Amino acid sequence: MNARQLDRKYFGRQGEPEDVVVGHSAGSYLIDSRGRKYIDFMMGWCVGNLGWGNTEIRAAARTFDGPEYVHPNYLYRPWAELAEMLAHMTPGALAVSYRTTGGTESVEAALQIAMAYTGRGSFVSIEDSYHGNSIGAMSIGASDNREKFKSLLPNCHKIETPLDARALGKVETLLKKRDVAAFIMEPIICNLGALVPEADFVRGVRKLCTRYGTLFIADEVATGFGRTGTLFACEHFGLEPDVLCMAKAITGGYGGMGAVITTSKIAKAIKGRFGMYSTYGWHPRAVAVALANLRYLSAIATRFSGTPTRWANTFLRGSPG
């Protein structure tokens with residue numbers, strides 16, 4: 001059987017795959033089994049923000065000499081080092097990270113954090129947005145998910161585009177009931193054609209969340225780590241979220257990993273009521289790759305700005321000179 005026949009018989013997927021049998025990747029290119037080159041504009045799926053074949057990141061994976069696995073209840077210094085790095089890199093007062101394996105798990109954790117902290121069970125999101133594939137993540141995604149899965153979470157309200165003053169008024173109408181645990185959105189919404197909301201809408205929602213005791217969750221799974229021209233898309237709006245979801249490019253595409261980060265105040269308040277258990281979250285080898293990726297990204301940011309960023313100085317050891 002050829003690759004397509006094997007795929008069709010044994011591999012579950014939605015729809016038919018593109019007629020490209022990937023063999024290798026290098027720089028910004030994919031090379032198929034026949035040696036033909038394709039420009040990878042998607043960089044995998046928003047994961048390879050630094051391109052393929054990065055020498056430093058590949059070396060971190062190849063030369064890793066740590067434990068094969070670490071039980072979640074043990075101490076492991078690289079976990080703390082990565083969490084420290086994320087605390088310095090992310091906007092505002094975000095400081096405490098929880099381990100996950102990818103974007104869907106990060107969003108699920110963020111929803112649970114909001115429920116544990118506020119004691120509320122409702123959510124507000126943007127209509128036709130995408131936040132993952134689990135029941136919780138689909139509940140805050142497009143409304144037509146409910147036609148496919150009848151068991152989606154109730155009380156998930158959707159705001160229609162355009163995201164302007166009128167939409168902001170609809171958000172306030174929902175939040176003033178004081179039963180909404182969190183408002184969640186991508187700062188730049190990928191599933192709506194890279195939709196950029198009006199800055200006044202984003203800043204207005206941030207103020208409303210503070211006023212009505214609702215958490216603001218920024219889903220930066222796809223937009224984080226330089227994808228939109230700033231380290232995180234939040235920075236385009238001066239947005240300081242209460243919770244931020246990460247995954248995809250956190251390892252540069254060299255390993256599966258995600259994270260959700262929140263403030264020390266929130267983490268302290270929910271301790272004992274929330275603790276994200278993830279069997280393969282922050283696998284030791286993936287952590288080594290993530291640290292190398294983020295140090296390299298730090299160095300790139302410093303080169304382009306001419307001066308170290310507010311977080312780069314701490315983490316440039318081991319990065320390209």
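Cβ-Cβ distances below 8 Å connect the following pairs, each with a first residue in segment 7-28 that is closer than 14 Å to Ile39 by Cβ, a second residue that is in a strand (DSSP E or B) and of a type in the set (Asp, Glu), and a separation of six or more residues or different chains: Val20/Asp32; Val22/Asp32. Being at negative phi, of a type in the set (Gly, Ala, Ser) and in a loop (DSSP other than H, G, I, E, B) is a description that applies to Gly141. Beta carbons closer than 7 Å, at least 6 apart along the sequence or on distinct chains, pair a first residue in segment 264-288 that is in the same structural domain as Ala114 (by TED's automatic domain parsing) with a second that is part of a helix (DSSP H, G or I) and among the aromatic types (Phe, Trp, Tyr) for Ile266/Tyr117; Ala269/Tyr117; Ile270/Tyr117; Trp282/Trp79; Val287/Trp79. Mind checking whether some residue in segment 62-78 is surrounded by 18 or more Cβ atoms within 10 Å (Cβ to Cβ), in contact with a helix residue (DSSP H, G or I) (Cβ under 9 Å, 6 or more places away or on another chain) and of a type in the set (A, V, I, L, M, F, W, C)? Checking segment 62-78: not a single residue is surrounded by 18 or more Cβ atoms within 10 Å (Cβ to Cβ), in contact with a helix residue (DSSP H, G or I) (Cβ under 9 Å, 6 or more places away or on another chain) and of a type in the set (A, V, I, L, M, F, W, C). Number of residues in segment 28-61 that are on the phi > 0 side of the Ramachandran plot and surrounded by fewer than 13 Cβ atoms within 10 Å (Cβ to Cβ) equals 1. Looking at segment 241-261, can you tell me whether even one residue there is of a type in the set (Asp, Glu) and buried (at least 18 other Cβ atoms within 10 Å of the Cβ)? Yes, some residue in segment 241-261 is of a type in the set (Asp, Glu) and buried (at least 18 other Cβ atoms within 10 Å of the Cβ). Taking segment 34-47 as the range and being charged (D, E, K, R) and part of a strand (DSSP E or B) as the test, only Lys37 passes.
A quick yes/no check of all residues on (1) under 21 Å from the mean Cα position of the chain (by Cα); (2) more than 22 Å from Arg285 (Cβ to Cβ); (3) not assigned by TED's automatic domain parsing to the domain that holds Met276; (4) not β-branched (Val, Ile, Thr):
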site	(1), (2), (3), (4)
Ser25	no, no, yes, yes
Lys37	no, yes, yes, yes
Met43	yes, no, yes, yes
Gly53	no, no, yes, yes
Glu68	no, no, no, yes
Leu82	yes, no, no, yes
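Please go through (1) surrounded by fewer than 12 Cβ atoms within 10 Å (Cβ to Cβ); (2) at pLDDT 90 or above for His24 and return the number of the only condition it doesn't satisfy. All conditions pass for His24, except number (1).
Contact map, segment 107-130: first residue at pLDDT below 95, second residue assigned to a strand (DSSP E or B), Cβ cut-off under 6 Å, separation 6 or more or different chains; the map is empty. Are any residues in segment 86-106 at pLDDT 95 or above, of a type in the set (A, V, I, L, M) and either over 24 Å from Gly136 (Cα atoms) or touching a Cys at 6+ places or on another chain (Cβ under 9 Å) (or both), and if so, which ones? Hits for segment 86-106 are Leu86, Ala87, Ala93, Ala95.
Close Cβ contacts (under 6 Å, 6 or more residues apart or on different chains) running from residues in segment 37-51 that are without any contact (Cβ under 8 Å) to a residue 24 or more places away in the chain to residues that are charged (D, E, K, R) and buried (at least 17 other Cβ atoms within 10 Å of the Cβ) are absent.
Listed conditions (1) farther than 21 Å from Phe225 by Cβ; (2) modelled with pLDDT under 95 are all met by Arg77, apart from (2).
So for segment 252-261 (the condition being among the small types (Gly, Ala, Ser), under 18 Å from Ile184 (Cβ atoms) and in a strand (DSSP E or B)), does at least one residue qualify? The answer is yes, given that some residue of segment 252-261 is among the small types (Gly, Ala, Ser), under 18 Å from Ile184 (Cβ atoms) and in a strand (DSSP E or B).
Lys9 meets all of the listed conditions (1) under 26 Å from Cys190 (Cα atoms); (2) part of a helix (DSSP H, G or I); (3) among the charged types (D, E, K, R) but one, namely (1). In segment 224-241, the qualifying residues are those that are touching a residue at least 60 places away in the same chain (Cβ under 8 Å) and not aromatic (Phe, Trp, Tyr), and the one that is nearest to Met89 (Cα to Cα) is Leu231. Of all the numbered requirements in (1) modelled with pLDDT of 90 or more; (2) outside any helix (DSSP H, G or I), Met276 misses one, and that requirement is (1). I'd like to check something: does segment 123-134 contain any residue that is assigned by TED's automatic domain parsing to the domain that holds Ala290, of a type in the set (Ser, Thr, Tyr), closer than 23 Å to Cys46 by Cβ and not in a loop (DSSP other than H, G, I, E, B)? Yes, the conditions are met somewhere in segment 123-134.
The values are calculated or read from the model by the stated rules, or taken from the named source; none is laboratory data. Since we're looking at a predicted model, the values are computed, not measured. Heads up, the Cβs are rebuilt from the backbone with ideal geometry, glycines too, and the neighbour counts pull from every protein chain shown.
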